[in-house]
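Since the structure comes first, as structure tokens, the remarks are kept for the end.
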Amino acid sequence: MPDDRTLLIVEDDLAFAPVLRRSFERRGYTVHSCDGIDSLRALLDTVTPRYAVVDLKVVGGSGLECVRMLHAHESETKIVVLTGFASIATAVEAIKLGACHYLAKPSNTDDIEAAFGKIEGDAEVPLTQRQTSLKNLEWERIHETLVDSDFNISETARRLGMHRRTLARKLEKRRLT
């Protein structure tokens with residue numbers, strides 16, 4: 001089992017990653033970080049984290065691949081996916097691949113630490129009666145197709161029957177950073 005306070009951050013945002021790192025270091029974590037799939041692969045040769053925060057979009061591909069790698073490396077690692085591109089499709093896949101929680105940005109260190117502690121599901125979460133809007137259905141379909149095409153924007157646009165620039169504009173509009 002990894003050291004009790006070892007944390008790995010997989011984040012390619014050069015402004016956000018150091019802020020998150022310092023925040024966890026102030027809380028007593030030993031923090032390692034990398035920006036994508038290849039650097040994660042190299043880091044796992046020397047580090048086995050107890051906790052991991054993984055962004056959905058990273059250098060070299062999808063954060064979902066990072067979740068898969070981390071879970072395969074050490075199944076007890078508590079992995080939280082943190083993303084500005086939240087969708088039901090990617091949340092489901094992240095959990096199936098080994099993440100214990102999925103948070104949409106903006107989230108802070110308190111939110112992430114709380115997520116590490118919430119490994120069991122909560123059957124008491126209230127169900128809502130609100131209907132899903134057409135915009136949200138479109139957003140979910142876009143993200144489902146993004147996951148299926150391994151986050152390839154051109155391929156996603158082709159599968160959805162829309163121009164690549166139109167898709168890029170839609171993704172930029174809904175960005176939650």
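Here, each number is a calculation from the coordinates, and none is a lab measurement. Note that the structure is a prediction, hence the values are computed from the model and not measured. FYI the Cβ positions are ideal-geometry reconstructions off the backbone, even for glycines, and counts take in every protein chain you see.
Charged side chains reduced to their Cβ positions (Lys and Arg at +1, Asp and Glu at -1) give segment 134-173 a dipole of some 300 debye around its Cα centre.
Ranked by the mean number of other Cβ atoms within 10 Å per residue, highest first, peptides 54-62, 42-50 order as 54-62, 42-50. Placing +1 on the Cβ of every Lys and Arg and -1 on the Cβ of every Asp and Glu, with no other charges, gives the chain a dipole of roughly 860 debye about its Cα centre. What the phi angles of segment 26-42 give under the Karplus curve with 6.51, -1.76 and 1.60, with θ = phi - 60°, is a coupling list of 5, 8, x, 7, 8, 10, 10, 9, 8, 10, x, 4, 5, 5, 5, 4, 5 Hz, glycine and proline written as x.
Under a 5 Å amide H cut-off, with hydrogens placed 1.01 Å from N, Val54 pairs with Val10, Val80, Val81, Leu82 among residues at least 5 apart or on other chains. Of Thr6, Ser23, Val147, which is farthest towards the positive pole of the chain's charge dipole, taken about the Cα centre with +1 and -1 on the beta-carbons of Lys, Arg and Asp, Glu respectively? Of the listed residues, the answer is Val147.
What's the local net charge at Asp35, with K and R +1, D and E -1, over the other residues with C-beta under 14 Å away? Here the count lands on -3.
The phi torsions of segment 147-159, fed into the Karplus equation with coefficients 6.51, -1.76 and 1.60 and a -60° offset, translate into couplings of 4, 4, 9, 6, 6, 8, 4, 4, 5, 4, 4, 4, 5 Hz, rounded to whole numbers, with Gly and Pro shown as x. For segment 27-103, a simple Cβ point-charge model (Lys and Arg +1, Asp and Glu -1, everything else neutral) yields a dipole of about 200 debye relative to the Cα centre.
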